[in-house]
Amino acid sequence: MTARHEPVRLQYWPASHTVDAPDSWPEAFEFGSVEDAVAFAMTQAPANREVAWLRTADGAVLKPPQIRRLWELRLDH
């Protein structure tokens with residue numbers, strides 16, 4: 001996984017969309033760390049109509065289950 005304090009982009013897709021679809025990525029919210037983006041994704045979801053995806057500086061894509069797990073790990077500490 002990526003370093004935790006590199007820029008990441010948080011984007012929202014309709015729940016029926018897949019990250020591998022050929023469409024262009026929607027406009028992103030940019031954060032300075034994975035932790036900040038995860039906290040935003042887990043607390044500011046847009047009316048549960050769309051799901052969050054994170055793209056890290058090294059090109060990794062974190063899908064909703066991975067984002068949820070990082071949030072749970074944060075709460076455990």
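The values are calculated or read from the model by the stated rules, or taken from the named source; none is laboratory data. The structure displayed is predicted, hence computed values, not measured ones. Positions of Cβ are backbone-derived with ideal geometry, glycine not excepted, and every protein chain shown enters the neighbour counts. Keep in mind that these areas ignore ligands, DNA and RNA; they rest on the heavy atoms of the full protein, side chains included. Shrake-Rupley method; radii C 1.70, N 1.55, O 1.52, S 1.80 Å.
The table below lists the values:
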| read-out | value |
| --- | --- |
| Region 50-77 residues that are without any contact (Cβ under 8 Å) to a residue 60 or more places away in the chain and among the small types (Gly, Ala, Ser), paired with ones that are open to solvent by 50 Å² or more (accessible area, probe 1.4 Å) and outside any helix (DSSP H, G or I) (beta carbon under 6 Å, 6 or more apart) | Ala57/Glu6; Ala57/Pro7 |
| Hits in region 16-47 (condition: under 20 Å from Arg68 (Cβ atoms), among the hydrophobic types (A, V, I, L, M, F, W, C) and either open to solvent by less than 40 Å² (accessible area, probe 1.4 Å) or modelled with pLDDT of 70 or more (or both)) | Val19, Ala28, Phe29, Phe31, Val34, Ala37, Val38, Ala39, Phe40, Ala41, Met42 |
